[in-house]
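A.B. asks: Handing you a structure now.
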Amino acid sequence: FEVLGRASLGKGGRRIAVLGDMLELGEHSDEMHAGLAGPLEATGIDLVFTCGASMAALHKALPEKLRGAHAETSKELAGPVVDAVRPGDSLLVKGSLGSRMAVIVEALVALGDDSPQVANGPKKANGR
């Protein structure tokens, strides 16, 4: 999360994390996902969107002010993420390959030249 915590923002921008399930963590998966709440808050992330059954535990563990939407699939979450971004925002999209977070990156990139900055993503632009 440090990459997003250090990301430059445009005027009025926010740091937004979009996180999908980390798969194959075993019997402590929900506990490990929920444990991300502290580091996310400490890093200065402004808003967190979560995707998947295990990420539901993180969504519940987050302070209400950090909670974006939660959905079971990336396809369901893509719309709320795209609707939430605004000029100046910087985003980090991350999850296991099996959580299909590329669907969300593709939806953001489809915004064209007006897309937000996506940390470590395929494109960097000036805002929505």
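A.B. asks: Once Lys and Arg get +1 and Asp and Glu get -1 on their Cβ, which of 36, 90, 103 lies farthest toward the positive end of the dipole of the chain?
C.D. replies: 90
A.B. asks: I'd like to know which of 57, 26, 69 lies farthest towards the positive end of the charge dipole of the chain, counting +1 on Cβ of Lys and Arg and -1 on Cβ of Asp and Glu.
C.D. replies: 69
A.B. asks: By its C-alpha gyration tensor, with a ≥ b ≥ c as the square roots of the eigenvalues, how is the range 68-115 shaped: rounded for a/c under 1.5, else prolate for a/b larger than b/c, else oblate? Working shown, then result.
C.D. replies: Working: a/c = 1.85, a/b = 1.53, b/c = 1.21.
In terms of gyration-tensor shape, prolate.
A.B. asks: Okay, moving on. With a probe of 1.4 Å, find how much accessible area the range 31-111 has per residue, and write the answer as a whole number in Å². Could you put the intermediate results ahead of the total?
C.D. replies: Numbers: 3780 Å² over 81 residues.
Computed with neighbouring chains in place, this is 47 Å² per residue.
A.B. asks: So for the chain, what are the equivalent ellipsoid semi-axes in whole Å, largest first, each being the square root of 5 times an eigenvalue of the Cα gyration tensor?
C.D. replies: Values: eigenvalues 104, 51, 28 Å².
Largest first, the chain gives 23, 16, 12 Å.
A.B. asks: Starting from the Cα-Cα distance between residue 72 and residue 23, subtract it from 0.36 nm times their residue separation and give me the gain in nm to one decimal.
C.D. replies: Details: separation 49, 0.36 × 49 = 17.64 nm, distance 1.36 nm.
Full extension from residue 72 to residue 23 adds 16.3 nm.
A.B. asks: Of the accessible area of the range 9-95, with the probe set at 1.4 angstrom, what percent is carbon plus sulfur?
C.D. replies: On the way: 2170 of 4150 Å².
It is 52 percent, rounded to a whole number.
A.B. asks: Same structure again: Fully extended, how many nm does the chain gain between residue 53 and residue 86 (0.36 nm per residue separation, minus their Cα-Cα distance)? Could the numbers behind the result be given before it?
C.D. replies: Values: separation 33, 0.36 × 33 = 11.88 nm, distance 2.73 nm.
Between residue 53 and residue 86, full extension yields 9.2 nm more.
The values are calculated or read from the model by the stated rules, or taken from the named source; none is laboratory data. Please read these numbers as outputs of a predicted model, since none were measured by experiment. With ideal geometry, Cβ positions are generated from the backbone for all residues, glycine too; neighbour counts draw on all protein chains shown. Note: areas computed on protein heavy atoms with side chains; ligands, DNA, RNA excluded. Shrake-Rupley method; radii C 1.70, N 1.55, O 1.52, S 1.80 Å.
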